Each structure stands twice: as structure tokens, then as C-alpha cells.
């Protein structure tokens, strides 16, 4: 609680370094999440291992001992990969064994190793020291295996990130893999963290689509690194894209995203979580005792919109229920020059939910988040009605220039934008601020922004402003209940 940049309702490492989240698994009512962790970061030590945390509600997390340690044998340290539950004992380690296939550096650079767990994913044993798959590409980019079970063909499917393409492989036993196809994109830089799943459209089990997620660089599309996706079909060997590239994120700090399901989701949605970091400045952000955090958990839904079928993100419902309501304002019109409606709210970890009535709102309006009355710090969330654009600007959010290189490239301080049109004459905003994080969900997740900020702890104000008038249907503010620990 005393660390100025430590989020209160986001998963963080207790100390040191955290980056990519590995796909969680659901076992007997418990979600098991793994992430890459360097316990020697501040000592200039290298290598990651698989840290472990568990949750029953996807809001409150309990840190567990490291599940896969680094440098325990000649294979080196575990990098990204994924876990599956081997329900039918196809690999021979027992029914319901947890199998992790992980990229490791040895004996050939970026090869895949198999680890297995017979205690529900708490500890893992290395299946020998030799890889189950050597790097056959000749590239240095062959990593991030993502494993799924394909019921129609009764086979395991592996997706591999291979520079500018995704390789598809199949197996009956999780040990021996056969290459079957490739999905190529030369417009998003080096591909990482692929994911593949099928979802019902609008909750209709008779209408489904396959979704291919890819971590990539959006520089050709005016974006930074984040997750893109394609909708299409998958026949057990090849993915057939039916849409152009779409982007899951409009901000800068949602990368290496992973999805997973549970039996009760019934194919209507999947959970999604990502690393709230950006490799352009991840190692340069302010240090207290740790670096890195996971995003809040979201639900992924396929929704029909006026612009076609979209993959949308909404915050997991348990989160809002875990925050206490501290303010509510009913319908009213707010004019420029009027006293700040939110002047009595002071918090560093909070959430705002509001519905804006579009037609009777004029010109610009916005929120100043983590507003500093004395030092002038604030993160701007602004809606410009003339061009239907939502803008987030963190150029005055606190520490923004971590080094000269970042100051020159302006990666951190640039504006992040999305076109946002009203739905049924309204614009809904859900804003989650947690010490050093801002996550914004627009119109039930049709547009999403995830950003890190580093303001002074004294910048705890919240301001609603307009340069003409803004018509709110309602506005709620929720805050962390400081008597209850969410991460322990």
C-alpha cells in the first residue's frame, strides 16, 4: 500500500520483474495463472521462470511458489508457452495431468520442451532435457507454442510464432508434432503469442467463428505493439481468414495477451488477460521494488455491430462488485465554467462508469484522471464530437520521459485515439484507474485503451470538464476497499 506505483487490484510480482502472462487454466473452480518472472532483475541477473497465482473470482489473486524454475538443468530457463489439461492421458503422464509446452534456449536456440504436473499445476517435472521439437526454421524467432485440443479431428494443435508467420502443427500425444500449414503476415513485424479459439456470435451456439489472435507491431497502422485478430474458419490443419486485420487494443500497454475458457462459459465468451507493458520502454519505467503487472481480466465476446462482427472486451463482472461505490450522480447537463462535479473525490485506485447522451452534448468533453491540483499532473481522456474521436493523452501524466531516447521518439507521451460513434444515441465509458494503470472500455468494449502512467501520489483528483456542454445520463465512481487485500 505504501508503494506509489503499485496497483491495488492488478496482479503484480511481489518483487522484481514480470512480463508475459502464460495462458491460465481452470481446474475444479480455480483459475491458475502463470507469468514470466525474473527474481534477479535488480541484481542484473537474467532468465525467467514461471511464477504462479490462483484465483476463484479473477479479481482476488493469491501468489503461489514458482511452478517452473530457471536453470535447473542444461535446457536453461523457461520462456513463453502454454498449459493444457490432458484429460484422456494422451501423453502418458496420467489422466488430467497438466502438460506445459515451453520455449527454452537449449540445446538449439528457441526449441520446445515438455513439462508435466500431476499435482494440479502447482509443480512441474521436466520431461528429460532434450526438446520435443527442435527449431526447424533456421530463424531466431521460433517460440510461444500455443496448444489447443481440436475435437473434430481428435488431435492436439500447436501454433508457433515464426517471425512473420504462424506455423500450425498437429499431434496425438503432445510429444511428436507434424507441420501442417502456415499463416503469413508481413505487415505486423515479428509475430508473437498466437492464440486460436472458437466463439459463438451474439451467444448463439448455431452461429460460430474461429478467432486467430496475434501479438504484433501496429506501426503500419499508426499503432504500437498490441494484439490483432482475424475471424475465419479452422479445419484442424489450416486457418482460413475471412476478415481483414482488426486490432483488439487502442492503447500502448496490452501485449502478449492470452485467452482461456471454463466449462460454464459455454462457448459464449473467453477470458483474456495481458501484460501491461511495452518493450519500447518496459525496462525504463520507474522502479520501486518491482516492474510489471497484468491487466484486469476481461471477457472476449463476438458481437454483431453496424461495422460487422467484432471481438469485444468487457471487464470481468466480479471486479465492479469488489469495488465500493463512493459517488453517484443522476441525469444532468454540465456546462463549461461550471464547478467540477467530482471535486470531492480523491483516490488513486478507482473506477468511473458513465453514460453520455450524444445528441445534446456539444463540442468536447473529458476527464482529467489522477489530477494534480498543485503540480498540474493529469491524464486526459477527451471526446471530440466533431470527428467522433476519443483521445487519451498522458503527456502530463507524471513521469513520461524515462530517458533521452524515449523523449526523442515520443512513444510514451504520444496521443492514442479511436473513432467512437454513439450506440442508440449514447456513449458508455468505463474507466479503471489503479495507481499506475488506466484501462478504458467504450460502448461495452468495442474500443479499449490500456495505458501505464506514473503520477505523483499526491495527484489524486478527478475532474469532468467540457468546452461547451456534456449531458450525462448517470455517473458512478467506485473505489478500492482498502480494508481488503485483493492480491496476497
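The values are calculated or read from the model by the stated rules, or taken from the named source; none is laboratory data. What you are looking at is a predicted structure, and each value in this text was computed from that prediction instead of being measured. Methodologically, a virtual Cβ is constructed for each residue, glycine included, from the backbone with ideal geometry; neighbour enumeration extends over all protein chains shown.
Key figures
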read-out	value
Hits in the stretch 75-86 (condition: assigned to a loop (DSSP other than H, G, I, E, B) and touching a residue at least 60 places away in the same chain (Cβ under 8 Å))	79, 80
Flag for residue 37 being in contact with a strand residue (DSSP E or B) (Cβ under 9 Å, 6 or more places away or on another chain), buried (at least 21 other Cβ atoms within 10 Å of the Cβ) and assigned by TED's automatic domain parsing to the domain that holds residue 58	yes
Single condition residue 454 does not satisfy, out of (1) in a strand (DSSP E or B); (2) under 23 Å from residue 224 (Cα atoms)	(1)
Qualifying residue in the stretch 458-479 (condition: out of contact with any strand residue (DSSP E or B) (no Cβ under 9 Å at 6 or more places or on another chain), surrounded by 15 or more Cβ atoms within 10 Å (Cβ to Cβ) and in a loop (DSSP other than H, G, I, E, B))	yes
Residue 68 vs. criteria at pLDDT 95 or above and crowded, with 20+ Cβ neighbours inside 10 Å	yes
Unique residue being surrounded by 15 or more Cβ atoms within 10 Å (Cβ to Cβ) and closer than 19 Å to residue 416 by Cβ when the list is 348, 379	379
Exclusive hit being touching a residue at least 24 places away in the same chain (Cβ under 8 Å) and crowded, with 16+ Cβ neighbours inside 10 Å, set 292, 308, 330	292
Conditions (1) farther than 25 Å from residue 392 by Cβ; (2) in contact (Cβ under 8 Å) with a residue 40 or more places away in the chain; (3) crowded, with 16+ Cβ neighbours inside 10 Å: number failed by residue 208	(3)
Breaking point among (1) in a loop (DSSP other than H, G, I, E, B); (2) surrounded by fewer than 17 Cβ atoms within 10 Å (Cβ to Cβ); (3) under 25 Å from the mean Cα position of the chain (by Cα), for residue 176	(3)
So residue 407, is it modelled with pLDDT under 95 and either under 23 Å from the mean Cα position of the chain (by Cα) or in a strand (DSSP E or B) (or both)	no
The stretch 265-283, residues that are within 13 Å of residue 453 (Cα to Cα) and touching a helix residue (DSSP H, G or I) at 6+ places or on another chain (Cβ under 8 Å)	281
Conditions (1) within 26 Å of residue 417 (Cβ to Cβ); (2) under 19 Å from the mean Cα position of the chain (by Cα): number failed by residue 341	(2)
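Here is a yes/no grid of residues against (1) closer than 24 Å to residue 100 by Cα; (2) surrounded by fewer than 22 Cβ atoms within 10 Å (Cβ to Cβ); (3) in contact with a strand residue (DSSP E or B) (Cβ under 8 Å, 6 or more places away or on another chain); (4) modelled with pLDDT of 95 or more:
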| position | (1), (2), (3), (4) |
| --- | --- |
| 7 | no, no, yes, yes |
| 10 | no, no, yes, yes |
| 15 | no, yes, yes, yes |
| 20 | yes, no, yes, yes |
| 32 | yes, no, yes, yes |
| 47 | yes, yes, yes, yes |
| 50 | yes, no, yes, yes |
| 54 | yes, yes, yes, yes |
